[in-house]
Number of protein chains: 2
Amino acid sequence: MSRPVVEFWFEFASTYSYLSVMRIERAAQAAGVDVAWKPFLLGPVFLALGWNDSPFNIYPPKGRYMWRDLERLCAKEGLPFRRPSAFPRNGLLAARVALVGVEDGWVAPFARAVMTANFAEDREIAEPAVIREILVALGLSDAEIMARAQADANKLALRCQTERAAELGLFGAPSFRVGEELFWGNDRLADALEWARRPGALA
Amino acid sequence: MSRPVVEFWFEFASTYSYLSVMRIERAAQAAGVDVAWKPFLLGPVFLALGWNDSPFNIYPPKGRYMWRDLERLCAKEGLPFRRPSAFPRNGLLAARVALVGVEDGWVAPFARAVMTANFAEDREIAEPAVIREILVALGLSDAEIMARAQADANKLALRCQTERAAELGLFGAPSFRVGEELFWGNDRLADALEWARRPGALA
């Protein structure tokens, strides 16, 4: 019998995705659940809802609250946090590289390093040099991976994954899927893992 | 020394306020925290953000998700739930009566009964007959309370409370305040209570 799986849909620009990227492997392991990492882009999903920017920028009271909430949650989880000087950062390159990492099996440490760069070190994750440095620090072949990430087939794969996100009814990140069941937000990680462990959840 | 207090800002039309209204007294009691009930109207707050309807109606993917999420959360909390045939219902009358209940000390059972009518029994809480019936079932003098609720001073008090909500940076319900600290959403109830218990939280 196969282990239960949770799909983890995340975006590198997303503040609450930072929390889930840092927490999910340990939480899933403790629950006996496998994680299927699904990097995607929120931009096109938000555009379809009529937002041409992060809703945290469009609606200032929501934004002010989110930054304070994030600070509190990071303190609670023991995660470093420095408010990025640019928000949202463009996560396109990181998402393309992450797709290669899904294929090769190093997406989890890569995603944690990119999120740390964005939300704890205030580094510009849209810069190829920053992504390369992360790959090198992970002992990976940066030149080869950057070439694969920027190849047409991989670009198309990310576009398809983003379209799939919208088809599945996703409207924000992070989101978790277990079978047909959707869970939205870092606050729902534990519920999603619990759902994956329900008897018959794989049916 | 006085007990810690959490301000509980809620709206009778709000789905996630249903969950918090039903849970807060027991949770706060267990935490040794007092609850200051703050009924207000989301409509004017949403209008200031550019929404002339519930965002769950304006953004269909958010709405579809919310109804499913609510159903799951009610099952988890052991709360009855029937999706209301009208949403959002007009909570103006119930909020005015609730303000009287804050003065007189019966707001908690009244709010639970109104929420149950709206989200478990699919009753029209904007109907004076429904509110009167709830007051009578609580052993209260419905005629006198309805008169006080509809008096100019009480109408003005609710308007001021709603304006205060926006001034405080609230953008949704339920919201919790502890000192200057804001917590948004039913998911943050436990965090708000924990914050209220922090040493020096009253300072």
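The values are calculated or read from the model by the stated rules, or taken from the named source; none is laboratory data. Keep in mind it's a predicted model, so treat the numbers as computed, not measured. In this analysis, Cβ positions are derived from the backbone assuming ideal geometry, glycine residues included, and neighbour counts consider all displayed protein chains. Just the protein is used for accessible areas: all its heavy atoms, side chains included, with ligands, DNA and RNA removed. Shrake-Rupley method; radii C 1.70, N 1.55, O 1.52, S 1.80 Å.
A few remarks follow.
- Relative packing of peptides B:151-158, A:184-191, B:96-103, A:52-59 - highest average C-beta neighbours within 10 Å first: B:96-103, A:184-191, A:52-59, B:151-158
- Per residue, region B:2-107 exposes an accessible area of 42 Å² to a 1.4 Å probe, with every protein chain left in place.
- Value at 222 nm in deg cm²/dmol, rounded to 500, when DSSP H runs of n ≥ 4 in chain A each add -39,500 (n - 2.57): -17000 deg cm²/dmol
- Karplus-based coupling profile of region B:78-88, in residue order and whole Hz: x, 9, x, 8, 9, 4, x, 6, 10, 8, x, with θ = phi - 60° in 6.51 cos²θ - 1.76 cosθ + 1.60 and x standing for Gly or Pro.
- B/A buried area, accessible surface, summed, 1.4 Å probe, Å²: 2200
- Here's how it looks for A:ASP34: its modeled amide H is under 5 Å from those of A:VAL5, A:VAL6, which are all 5 or more places away or on a different chain.
- Once backbone amide H atoms are built at 1.01 Å from N, A:GLY185 has A:SER175, A:PHE176 as its partners under 5 Å, excluding neighbours fewer than 5 places away on the same chain.
- Classification of chain B by its C-alpha gyration tensor yields a rounded form. The axis ratio a/c (a ≥ b ≥ c) stays under 1.5.
- Of all DSSP beta bridges confined to chain B, the antiparallel ones make up roughly 55%.
- Set of lysines near A:LYS155 by C-alpha distance (under 22 Å), chain-local residues within fewer than 8 positions excluded: A:LYS38
- Shortest first, B:ARG68 label-point distances to identical copies amount to 3.3 nm, with the label point at 7 Å from Cα along Cα→Cβ.
- Ascending distances from the A:GLU121 label point to its copies in the other chains, with the point 7 Å along the Cα-to-beta-carbon line: 5.9 nm.
- Highest-MSF residue in chain B out of B:GLY179, B:GLY32, B:GLY139 [GNM, Cα springs under 10 Å]: B:GLY139
- In region A:68-87, the residues whose accessible area drops by at least 50 square angstrom when the other protein chains are added to the isolated chain are A:ARG72; the probe is 1.4 Å and only protein heavy atoms count.
- Where rotation carries A onto B, the chain A residue whose Cβ is nearest that axis, in whole Å: A:ASP187, 2
- Residues whose placed amide H lies under 5 Å from that of B:LEU41, excluding near-sequence neighbours: B:THR162
- For residues of A:183-192, the mean tally of beta carbons on other chains within 10 Å: 3
- P(r) histogram, all alpha-carbon pairs of the protein assembly as shown included - 20 Å bins from 0, percent: 25, 53, 20, 2
- Distances in nm from A:ALA157 to the matching label points in the other copies, shortest first (labels 7 Å along Cα to Cβ): 6.3
- Antiparallel bridge percentage (DSSP; both residues within the protein assembly as shown; nearest 5): 55
- Hits among lysines - C-alpha to C-alpha of B:LYS76 under 23 Å, sequence gap 8 or more where chains match: B:LYS62
- Global geometry of region A:104-178, whether rounded, prolate or oblate, following the gyration tensor of its Cα atoms and the 1.5 cut on a/c: oblate
- Using a simple spin-label model with pseudo-atoms 7 Å out from Cα toward Cβ, B:ARG198 and A:GLU133 lie 3.2 nm apart.
- Taking chain A as a Gaussian network of alpha-carbon nodes connected by springs under 10 Å, the highest mean-square fluctuation of the residues A:ALA165, A:ALA28, A:ALA75 belongs to A:ALA75.
- Kyte-Doolittle at least -0.5, axis length at least 15 Å by Cα - qualifying DSSP helices, chain A: A:15-31, A:92-104, A:107-119
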